[in-house]
Ligand SMILES: [Zn+2]
């Protein structure tokens, strides 16, 4: 392939811009915020589940407490009713009176036991409520931390996008100065090897860093200036400049 030496030299600018684009793409994929957010999302999901479990436990206890309180009320109402009957003087038979008093005493004991149960549930409920509050606070704190990481990620991505757009603009301008066939070859090599062109500097290919043999150097020296030469080692287009050592 033939191409003006100036056009060949522009390939080096193009290769530099393509490397810059590659570096930006790499930065985009490996932003530390991405791993951070991923980790935080996993922790958030775990905490959210723990919050739901704690909330369920707390509401179960609230229901249990309401039930126990209603049991206390029922027993108390029965004791009050019996007490009223006793106080009314309507019951006169000593046997009935004794029976009624015994029932009242038994109801009071029962009420006492049930009140113990209510107190015990209330204590458990207090602990459960405080666990809910604690977990919710942790969850909300983590959500805020994650939002912060997301903001930093978005800012970093916006910066990368801006730089990438600038690189693309400059690349388009440089590519416009390179003949289509040379550009096509460069593109094919870039797809294959990652970098399409490299400078020959001091007898060494700057793409693969391999020094050319004397025979290869002689061959290149003999080639016309507009001949597109390639590195035998890495197959990249070898661009000759004043620093080539020819
Ligand atoms: Zn090479």
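Rule-based calculations on the coordinates, nothing more; no lab input. The model shown is predicted, which means the values in this text are computed figures rather than measured ones. Note: ideal-geometry Cβ built from the backbone for every residue, glycine included; neighbour counts use all protein chains shown.
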Which angle between 0 and 90 degrees, to the nearest 10, do you get for helix 94-175 versus the longest principal axis of the chain when only C-alpha atoms count? 10 degrees
Quickly work out the residue 160-to-residue 41 label distance, labels modelled 7 Å from Cα along the C-beta direction, and quote it in nm with one decimal. 1.5 nm
Förster radius 41 Å - calculated FRET efficiency between residue 59 and residue 170, Cβ distance, rounded to 0.05: 0.10
Counting helices only, and only those DSSP H runs with n ≥ 4, report the 222 nm mean residue ellipticity of the chain as the sum of -39,500 (n - 2.57) divided by its residues, in deg cm²/dmol to the nearest 500. -28000 deg cm²/dmol
quick shape note, region 57-150: Cα extents on principal axes in Å, largest first -> 83, 17, 15
Compute the helix-to-body angle for 32-88: its Cα long axis versus the longest principal axis of the chain, expressed 0 to 90° and rounded to tens. 10 degrees
Note on the chain: contact order normalised by length, alpha-carbon pairs under 8 Å, 6 or more apart, percent, works out to 33 percent
Stokes-Einstein at 10 °C, 1.306 mPa s, Kirkwood radius from Cα pairs: D for region 187-226 in µm² s⁻¹? 142 µm²/s
FRET efficiency for residue 180 and residue 6, using Cβ-Cβ distance with R0 set to 22 Å, rounded to 0.05: 0.90
Which of 126, 103, 16 moves most in a GNM of the chain, Cα contacts under 10 Å? 103
Find the relative contact order for region 1-128 and round it to a whole percent, using C-alpha pairs within less than 8 Å whose residues are 6+ positions apart. 32 percent
Going by how many other Cβ atoms sit within 10 Å of their own, how do 153, 63 line up, fewest first? 63, 153
Kirkwood Rh, Cα Rg: Rg to Rh for the chain? 1.63
Whether region 152-246 is rounded, prolate or oblate, judged on the alpha carbon gyration tensor where a/c under 1.5 counts as rounded: prolate
The chain: antiparallel DSSP beta bridges as a percent of all, rounded to 5: 60 percent
If a/c stays under 1.5 just call it rounded; otherwise compare a/b with b/c (prolate if a/b is bigger, oblate if not). Do that for region 98-182, with a ≥ b ≥ c from the square roots of the Cα gyration tensor eigenvalues. prolate
C-alpha center-to-center spacing [region 139-211, region 1-57] in angstrom: 12 Å
The helix 5-29 Cα axis meets the longest alpha-carbon principal axis of the chain at an angle in degrees, between 0 and 90 and rounded to 10, of 10 degrees
Does anything in region 206-237 have its amide N under 20 Å from the 7 Å Cα→Cβ label point of residue 22, and if so which residues? 206-211, 229-237
Nearest-0.05 FRET efficiency for residue 67 and residue 126 at R0 = 22 Å, using Cβ-Cβ distance, is 0.80
